[in-house]
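The structure appears right after this line, and notes come after that.
The values are calculated or read from the model by the stated rules, or taken from the named source; none is laboratory data. From a predicted model like this one, the values you see are computed outputs, not experimental measurements. Cβ: placed from backbone, ideal geometry, glycine included. Neighbour counts: every protein chain shown. The accessibility values were calculated without ligands, DNA or RNA, using every heavy atom of the protein model including side chains. Shrake-Rupley method; radii C 1.70, N 1.55, O 1.52, S 1.80 Å.
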Amino acid sequence: MTTTPVRSRTVESMGTVFSFTWTPPGADVDAALAAAAARLAAVDEVFSTWKPDSPLSRIRRGELREEDRPDVAAVLDRCRELRELSAGWFDPWAAPGGVDPTGMVKGWATAQACSLLGAAGVTAGLVNGGGDVATLPGAGPDGSPGWRVGVR
C-alpha cells in the first residue's frame with residue numbers, strides 16, 4: 001500500500017483551534033485555507049456570544065431583531081429544527097443570557113471550511129473544529145477509502 005504525504009495547518013477562530021489535514025492533490029491549498037480562515041472569522045463576527053457588537057450579542061440584548069439578520073434567522077431556524085428533532089436535548093434557548101446557537105454553529109462552520117477545500121480541488125482531507133469533524137470523501141493517507149477518525 002502506498003502512503004501519501006499528509007499536510008496540515010491550524011487556524012485559531014471561534015475560541016478554538018481548527019485543524020486542516022489533507023493529502024496534496026496539486027490544488028492551490030493556500031488560497032483555499034485563506035478562504036476557509038476568512039469564512040471562520042466571518043462566522044465568529046456574526047455568531048460570537050463574547051463579542052459585544054456581534055449581531056447575535058445584539059439580538060440577545062434585544063437591540064436587534066432576528067428578522068433584521070437573515071443569516072442569523074436561518075441558523076436559528078435550523079436550531080429550532082434540531083431542538084425538535086432532539087426532543088429538546090439540544091436547546092439553544094435554554095442557555096443563560098439568551099439564545100446561544102454556538103453548539104450548532106461550530107459544526108456548521110467546520111463543514112463550510114471543509115467545503116472550501118473541496119471547491120479548491122482538494123479531494124481527500126478533513127477539518128477538525130474543536131471536535132466537530134468534516135471530511136472530504138477521497139482516499140486516506142494510506143490509500144484506503146476515506147479517513148480514519150478516532151473519538152476519545
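Restricted to Cα atoms, region 57-152 shows a radius of gyration and a Dmax of 16.8, 53 angstrom. For W22, the solvent-accessible surface with a 1.4 Å probe is about 10 Å², rounded to the nearest 10. Once you have a ≥ b ≥ c as the square roots of the Cα gyration tensor eigenvalues for region 1-106, tell me rounded if a/c is under 1.5, and otherwise prolate or oblate according to whether a/b is larger than b/c. Since a/c reaches 1.5 and a/b is larger than b/c, the shape of region 1-106 is classed as prolate. Among the chymotrypsin sites (Phe, Trp or Tyr not before Pro) within region 88-137, those in coil by DSSP and having at most 13 neighbouring Cβ atoms inside 10 Å are W89.
Between region 93-149 and region 33-52, what's the alpha-carbon centroid distance in Å? Value for the Cα centre distance between the two parts: 15 Å. The residues of the chain expose, per residue, 57 Å² of accessible area to a 1.4 Å probe. Measure off, as a whole percent, the carbon and sulfur share of the 1.4 Å-probe accessible area of the chain, all protein chains present. On the chain, the fraction of accessible area on carbon and sulfur atoms equals 53 percent.
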